[in-house]
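Worksheet: one structure, shown below.
None of the figures in this text is laboratory data; all of them are computed from the coordinates on show. All of these numbers come straight from a predicted model, not from anything done at the bench. In this analysis, Cβ positions are derived from the backbone assuming ideal geometry, glycine residues included, and neighbour counts consider all displayed protein chains.
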Amino acid sequence: MRVVLVITRMFLILIVLTGCLPSGDNRLEEQRDPHFLAGKAYLNTFNYRAAAEEFEKALETNPRSAFAHFELGLLYEQKLAVENAPAIAIYHFDKFLQLRSNSEHAPIVKQKILACKREIAKPFAVDPGAQAYLREYERIKAENNQLKNQIELWQFYYSNLMARGQAVLAPQSQPSRVENARGSIPPAPQIAKSPSQEYIKYTVKAGDTMSAIAKRNGVSVNALQSANPGVDSRRLKIGQVLNIPAKQGSAQ
């Protein structure tokens, strides 16, 4: 009987020396390490830097401490704002997976590794220079649309004025493409009144529309619009002064 006990003890000693303890025992040994316990205590007091230092010491004592790697991975992923923190977190999470590939924490650790990789890739996802070019493109596109609307309005003015036999003075200079790109909008064309044409002034009131003003003053909307080439009929402002074509031989 004594011989059996001696053989059993020798077998257990051999298992310990060769590091072949079951995974559950290894886990308990890792978590009983004084440095590991100190690290967990520091976590409870929110002293994350001191906790990281204790977990590092636990790895110095036992480089195969999977849970020390796990705790360090969490710290560098979530708590420690140091340079290359996501990369350090990935290193410790990878070490944990190498040592505990079948752990119940493995799926979560893999997700955290992906999150850290995305964090590292953020500065390179979109070139800042490309963003600036995109903003400039959108600005120029909006200005070009505004210029296009302005040109269409000019064409409307010219066609109506020519139909009425009125003389039109062209603008003194045409804006360059560079000026357009910088946001300068060409002024409305200057219209020379015919000697027989007179205008009265009308101040826009609340609720006024171009058609209502034209009807009230006995003129057509086209005539009213032609007399006010710089006015957007859809955006009349209270207090804005309009030219009302006076009827021949009368003044209102």
Checklist entry - Near residue 201, which aspartates and glutamates are there with a Cα under 18 Å away, not counting those fewer than 8 places off in the same chain? => result 232
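Only four residue types carry charge here, +1 at the Cβ of Lys and Arg and -1 at the Cβ of Asp and Glu. Report the dipole size of the stretch 23-122 about the Cα centre in Debye, rounded to the nearest 20.
360
With 25 Å as the cut-off, how large is the P(r) tail for the stretch 23-122, expressed as percent of Cα-Cα pairs?
Values: 655 of 4950 pairs.
When all Cα pairs of the stretch 23-122 are counted, 13 percent exceed 25 Å.
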Item to check | 16 Å Cα-Cα reach of residue 40 towards aspartates and glutamates, excluding residues that sit fewer than 8 places from it in its own chain | outcome: 29, 30, 53, 54, 56, 71
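Which order results if 69, 92, 35, 105 are arranged by neighbouring Cβ count within 10 Å, fewest first?
Numbers: 69 26, 92 23, 35 19, 105 15.
Sorted ascending by nearby Cβ count, the order is 105, 35, 92, 69.
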Next on the checklist: What FRET efficiency comes out for residue 115 versus residue 145 if R0 is 45 angstrom and r is the Cβ-Cβ distance? Round to the nearest 0.05.
Outcome noted: 0.60
Item to check | Of 57/112; 117/141; 148/237; 112/141, those spanning more than 30 Å from alpha-carbon to alpha-carbon | outcome: 117/141; 112/141
Item to check | Rounded to whole Hz, the Karplus (6.51, -1.76, 1.60) HN-Hα couplings of the stretch 87-99, x for glycine and proline | outcome: 5, 5, 4, 4, 4, 6, 5, 4, 4, 4, 5, 5, 8
Checklist outcome for this item: Check: C-alpha center the stretch 67-82 vs C-alpha center the stretch 50-66, spacing in Å is 12
